[in-house]
Amino acid sequence: MNILIGFLIAAAVGLTGIGGGSFTVPALVLIVGLNAGEAVGTAFLFAGVLRLIAAPFYLLGKQIHSRYLWLLLQGAVPGLLVGIWGLRLLNRDAGKPLVIVLLGVLLAASSGITFVRRVQNPGFASKNHRWLPWLALPIGVESGFSSAGAGALGTVLLLNYSEMTPAQVVGTDLLFGLVLALIGSAFHWTFGSINNPVLLELLVGGVPGVIAGCLLARKVPANKLKTAVAMVAIFAGLQLVWTGSRAFAAARRATNAAKITAQIGAGHAR
């Protein structure tokens with residue numbers, strides 16, 4: 001099962017640049033059964049390896065916009081450090097369901113812009129490039145807190161508000177996510193929050209999956225690639241909403257059960 005999960009997620013990453021954290025964390029929590037801290041740490045390293053493999057395909061094809069990449073990293077890297085610190089401060093689990101739901105709503109709504117041309121502004125990035133670091137800052141924070149968002153939100157931003165082709169967007173965002181994943185992985189490695197056996201199984205399926213996705217991306221027409229990116233991002237957003245809602249409901253039930261138990265105990269004590 002872990003090998004299959006790794007292959008499917010990696011194929012999505014190679015084709016669209018999306019899925020490293022958005023899909024991996026919910027899958028590791030709901031299917032594999034890891035706790036939130038281990039899921040985030042393992043997803044970080046898994047996404048980093050996938051993007052490291054995928055990056056040369058886009059570099060050789062000259063499908064990287066180095067200026068926009070640098071501007072995004074200026075805002076996202078400080079945000080990433082804040083997000084990692086927040087995750088440690090909240091003991092890895094606290095507050096996470098609500099954050100995941102909010103990320104999912106934001107991701108699904110922003111990805112829907114791809115299908116509403118009136119809201120798109122392809123010239124925004126070139127005319128307002130100084131805003132890119134500030135727009136990337138919250139992406140970095142969310143990526144540090146949950147490992148999700150770097151690929152999905154970065155892709156949506158560049159896809160609808162820059163003049164780049166879909167292939168350039170995917171390539172630029174892959175390198176963007178790679179840098180964040182490498183930094184995040186280093187911190188989580190020191191925290192000891194990476195499940196090595198699960199990571200190895202994911203990579204067994206993930207390595208051929210990401211190569212297949214990169215090769216397929218070269219054969220997909222630009223318009224279809226843009227649609228595929230948007231659809232994957234919307235699906236990832238809805239999945240995060242569902243995952244966060246379930247986790248939030250489970251936490252509420254546990255809290256209510258604890259209160260009832262306490263009340264029963266107090267009644268017996270009387």
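Quick look at the numbers
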item	result
Residue that is farthest from I234 (Cα to Cα) [pool: residues in region 125-140 that are open to solvent by 50 Å² or more (accessible area, probe 1.4 Å) and either in contact with a Ser or Thr (Cβ under 9 Å, 6 or more places away or on another chain) or modelled with pLDDT of 80 or more (or both)]	R130
Any hit, region 93-113, residues being at pLDDT 80 or above and buried (at least 18 other Cβ atoms within 10 Å of the Cβ)	no
Residue within region 217-239 that is under 14 Å from the mean Cα position of the chain (by Cα), modelled with pLDDT of 75 or more and β-branched (V, I, T) present	yes
Lone unmet requirement of (1) outside any helix (DSSP H, G or I); (2) hydrophobic (A, V, I, L, M, F, W, C); (3) surrounded by fewer than 17 Cβ atoms within 10 Å (Cβ to Cβ) for L34	(3)
Selection count where residues are under 12 Å from G41 (Cα atoms) and surrounded by fewer than 24 Cβ atoms within 10 Å (Cβ to Cβ), scope region 165-187	5
Residue among L8, L50, L15 that is surrounded by fewer than 20 Cβ atoms within 10 Å (Cβ to Cβ), assigned to a helix (DSSP H, G or I) and in contact (Cβ under 8 Å) with a residue 12 or more places away in the chain	L8
Lone unmet requirement of (1) within 17 Å of the chain's Cα centre (by Cα); (2) within 17 Å of C214 (Cβ to Cβ) for L73	(2)
Which listed residue, of V198, V241, is surrounded by fewer than 20 Cβ atoms within 10 Å (Cβ to Cβ), in a helix (DSSP H, G or I) and in contact (Cβ under 8 Å) with a residue 12 or more places away in the chain	V241
Sole exception among (1) closer than 21 Å to A233 by Cβ; (2) at pLDDT 85 or above for S66, by number	(1)
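The values are calculated or read from the model by the stated rules, or taken from the named source; none is laboratory data. Since the model is a prediction, treat every value here as computed from it, not as a measurement. Note that each Cβ is placed from the backbone with ideal geometry, even for glycine, and that neighbours are counted across all protein chains shown. These area figures cover heavy atoms from the full protein model, side chains too; ligands, DNA and RNA do not enter into them. Shrake-Rupley method; radii C 1.70, N 1.55, O 1.52, S 1.80 Å.
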